[in-house]
Each structure stands twice: as C-alpha cells, then as structure tokens.
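Data block below; observations after.
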Amino acid sequence: MDTMRKQMALYAHPQTDAANIDRMRYAMQRYYNSYQPAVHIAFLLFLVLCIFSASGCQQPVTTWSAEVRSPDGLWLAVAQSRQWSGPGTAYDATIVSLKPLKGRQSPMEILDFSHQYATMNLEMNWITATHLNIVYGPSSRPGDQVSVTFQVARYAGIEISIEPLASKESSGSQQLHNSKT
C-alpha cells in the first residue's frame, strides 16, 4: 500500500506533473520527427504515382483505318493502325480483323503488326470469297520496321495469306497506298 501512495503522491505533485509532461512532449516530438521524413517521402511518391497514372493511361488513338468487303458480301476485312502513348508505354500497332456482315458475331482479330511509327503500308485484297491476301511493309520513314506479332492462317473457312511488300514490289505489281503519316 505504501508504494502505491508514494506513486500517487509522485503524480499529484505539481512539479512532477510538469516534468512528466515535458518528458512526454519531448518523447512525442522525437517520435514525430523521426518519422516525418518517411511520411514526406511516401507522400511525394504517392503524388508522383498519381500524376504518371493520370498522364500515362490514355486510350489508344486510331491513326489510320481501311475496310474491304468480300466478293460475296458476307465478310468485311477491317484494318486499324493504333498508337498508344505515355511514359514507358508508347507502342504502334496495326490490327486486321474479319467481321461477318450477317449475324451478331464480334470481329475476329486475324493479324497484328508492330511498327515504329503511327502508320505502315498495308493493302488488303480478296482473291476469292474465301481467300484474303494482305500485303504489308514499313512506312516510307527511314528506319521503320514492321514485324508480324500475331497471325491466323484460316478462320471460318477463309484462307488468310500475307506477303511482305518487298516481294510484291519485285514482282512488278502496283505500288501500295501509304497510309497517313
């Protein structure tokens, strides 16, 4: 009991209360100051992340498109060049899809090209109602390269053939139309 009275007396003394409050204030200030730089860094990182997220998550922009209807009128070949932008996410691609004109079926992606600039050379020709030929090549800009990143050889009974631009030009065929640059 005596120890409890001594402790109560210790806390009841005005000078001791002031000393305890000062010690408590000092401990709290030391604690706050030790974590303040970490809080500031975390807040700045969060702010930078928000800014990059807002500026980098844009929808792709369509830079060129073309459509060619099959001879029997049942299919539509659609090509779209798209450009994505943002910090570390810049990308240019051209996608070719086949879309049935009857029914409610979604278009099916049959070809995907990757290239350095917003557009590329591309020509789609229906040789027959069941054979689509696609001739492709880089744009006229220096250093442009085109690579096929996805290809379907046959879809719904339609044969899909692709031909690089170099072999088309060497055979003496007509010059391809260059999409907008």
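Scanning the stretch 143-153 turns up at least one residue that is at pLDDT 95 or above, assigned to a loop (DSSP other than H, G, I, E, B) and closer than 27 Å to PRO60 by Cβ. Assessment of the stretch 97-106 against the conditions (surrounded by 13 or more Cβ atoms within 10 Å (Cβ to Cβ), touching a Lys or Arg at 6+ places or on another chain (Cβ under 9 Å), touching a residue at least 12 places away in the same chain (Cβ under 8 Å) and of a type in the set (A, V, I, L, M, F, W, C)) yields no matching residue.
Scanning the stretch 107-145 for residues that are in contact (Cβ under 8 Å) with a residue 60 or more places away in the chain and closer than 15 Å to TRP64 by Cβ returns TYR117, ALA118, THR119.
The values are calculated or read from the model by the stated rules, or taken from the named source; none is laboratory data. Remember, it's a predicted structure, so these values are computed and weren't measured experimentally. Cβ sites come from the backbone with ideal geometry, for glycine too, and all protein chains shown count toward neighbours.
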